[in-house]
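Take a look at the structure below.
The values are calculated or read from the model by the stated rules, or taken from the named source; none is laboratory data. These numbers were taken from a predicted model, which means no experiment stands behind them. Glycine also receives a Cβ, built like all others from the backbone with ideal geometry; neighbour counts cover every protein chain displayed. Surface accessibility is based on the protein's heavy atoms, side chains included, excluding ligands, DNA and RNA. Shrake-Rupley method; radii C 1.70, N 1.55, O 1.52, S 1.80 Å.
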Number of protein chains: 2
Amino acid sequence: MAINYPTKKTSYQKATSTSRRGMILEDDINLSNEYYLANNIAIIHKKPTPIVVVDVDYPSRNKAVITKAFYKTPSTTDYNGVYRGYYIDFEAKETTSKTSFPLKNFHEHQISHLKSIIEHGGIGFLIICFKEYGEVYLVELDLVLKYHDLNLRKSIPYEEIKEKSYLIKDGYNPRLDYLKCVDEIIKKRF
Amino acid sequence: MAINYPTKKTSYQKATSTSRRGMILEDDINLSNEYYLANNIAIIHKKPTPIVVVDVDYPSRNKAVITKAFYKTPSTTDYNGVYRGYYIDFEAKETTSKTSFPLKNFHEHQISHLKSIIEHGGIGFLIICFKEYGEVYLVELDLVLKYHDLNLRKSIPYEEIKEKSYLIKDGYNPRLDYLKCVDEIIKKRF
């Protein structure tokens, strides 16, 4: 299925100490992953955006130019890799809401994908950013499933995320040290 | 870096019992991964081909058409996922040579990526298909590095792959049961 994909990023605004307005979560995660890679801490990459190529031109012998293509719905999450021998898999999303995180931000199959990952011994989770508070959380799947499966409501309350999830330390390098939270999960689960 | 990427597959020819001529390795691996997924054996996916999007048109409100884009050199291998709690990562390539597998089929950074994967406790390997013999092997990185690092020669002799690697069982479903060979690696290494 071809879908409409956001291609333009919001313009970069000056961030205040308590807000992530204008900061792009994806960029911060990518930079953190580069830091982890460069320092031999973990190998975690963002998967390329899936694209269906329809037409390709060859203006010269060694060059291929795609002239028609469509974005495709991803069948998995955006990030995966290996850390301390564990398979890591997650999706990251941000919200401007101050009260809750809307579950429609995740595709249905991303939730079931993460469920399977955990069943197979991997570490699957979500990274959720509340832009207005300048807070980024590592949220375990249990909390998402509580609202998702029971169909209680279409969003997870901010207060419950704050209480039950891991606040990710925001710093210079790595920007978002989410593997510190993964260490806590490993300590608890394995 | 934009590179010229093969986009046209060879036409599908009738395969004889001793040859894989016309059979496409990538398709067989994808079908095997679908089988593993459907039977809850493992979660292994092919990563999308990385593409740099230059121009996008919006002919209607909910539709994005990419009108100019380029293929990019992948920074990792094509396949990864989780099996029995282990992180799995590999690249697959085929050759029409009867005597050796040319190492130029792998990007330099794919080799170093697999090296890191193993250092971090993951299971990284190569799947190599000799089309003329109808044989597909799971090749461990050690054998590749022997020829790669020592610069002995630019290809791995067929006879040595045959002797030191795992022949992957070719069947109906899964088409290529490469996880059986991964079981052997786990038994040996962990």
Report the per residue volume, in Å³, of the convex hull enclosing the C-alpha atoms of the stretch A:143-186. 86
Mind listing the label-point distances from B:Lys72 to the same position on all other copies, shortest first, one decimal in nm, points 7 Å along Cα→Cβ? 1.7
Using alpha carbons only, how many angstrom separate the centre of the stretch A:82-149 from the centre of the stretch B:60-88? 20
So, for the Cα atoms of the stretch A:112-190, Rg and Dmax in Å stand at 13.2, 39
Compute the Rg/Rh shape ratio of the protein assembly as shown: radius of gyration over Kirkwood radius, all on alpha-carbon atoms. 0.98
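Return the calculated 222 nm mean residue ellipticity for chain B, to the nearest 500 deg cm²/dmol, obtained by summing -39500 (n - 2.57) across DSSP H runs with n ≥ 4 and dividing by the residue count.
Numbers: 5 runs with 54 residues, N = 190.
Taken over chain B, the calculation gives -8500 deg cm²/dmol.
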Which residues, if any, in the stretch B:74-114 lose at least 30 square angstrom of accessible heavy-atom surface (probe 1.4 Å) when the other protein chains sit next to their chain rather than the chain being alone? B:Asn80, B:Val82, B:Gly85, B:Tyr87
Can you list, bin by bin at 10 Å, the percent of alpha carbon pairs in the stretch A:42-94, starting at 0? 20, 32, 25, 20, 3
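Accessible area lost on pairing A with B, both sides, 1.4 Å probe, Å² to nearest 100?
Details: alone 11260 and 11250 Å², together 19200 Å².
In total, this chain pair buries about 3300 Å².
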Of every hundred units of 1.4 Å-probe accessible area on chain B, the number belonging to carbon and sulfur atoms, as a percent, is 51
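For the protein assembly as shown, with every protein chain kept in place, what is the accessible area per residue (1.4 Å probe, Å²)? Walk me through the numbers on the way to the answer.
Working: 19200 Å² over 380 residues.
Heavy-atom accessible area per residue stands at 51 Å².
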If Rh is defined by the Kirkwood formula over all Cα pairs and Rg also comes from Cα, what ratio Rg/Rh do you get for the stretch B:54-126? 1.18
Karplus ³J(HN,Hα) for the stretch A:100-105 (6.51 cos²θ - 1.76 cosθ + 1.60, θ = phi - 60°; Hz, whole; x = Gly/Pro) runs 6, 9, x, 5, 5, 5
Environment charge at A:Pro48 (Cβ cut-off 14 Å; Lys +1, Arg +1, Asp -1, Glu -1): +3
Placing one equal point scatterer on each C-alpha of chain A and summing with Debye, one gets log10 I(q)/I(0) at q = 0.09, 0.18, 0.19 Å⁻¹ equal to -0.37, -1.33, -1.45
Per-residue HN-Hα couplings for the stretch A:85-93, Karplus 6.51 cos²θ - 1.76 cosθ + 1.60 at θ = phi - 60°, whole Hz, x for Gly and Pro? x, 9, 7, 10, 8, 7, 10, 10, 8
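Report the extension gain between B:Asp55 and B:Glu160 in nm, rounded to one decimal, defined as 0.36 nm multiplied by the number of residues separating them, less their alpha carbon distance. Could the numbers behind the result be given before it?
On the way: separation 105, 0.36 × 105 = 37.80 nm, distance 4.77 nm.
33.0 nm is the gain from fully extending B:Asp55 to B:Glu160.
Within a Cβ distance under 14 Å of A:Ile111, other residues only, what is the Lys/Arg minus Asp/Glu net charge?
On the way: positive: A:Lys93, A:Lys104, A:Lys115, A:Lys146, A:Lys154; negative: A:Asp78, A:Asp89, A:Glu91, A:Glu108, A:Glu119, A:Glu140, A:Asp142, A:Asp149.
So the environment of A:Ile111 carries a net charge of -3.
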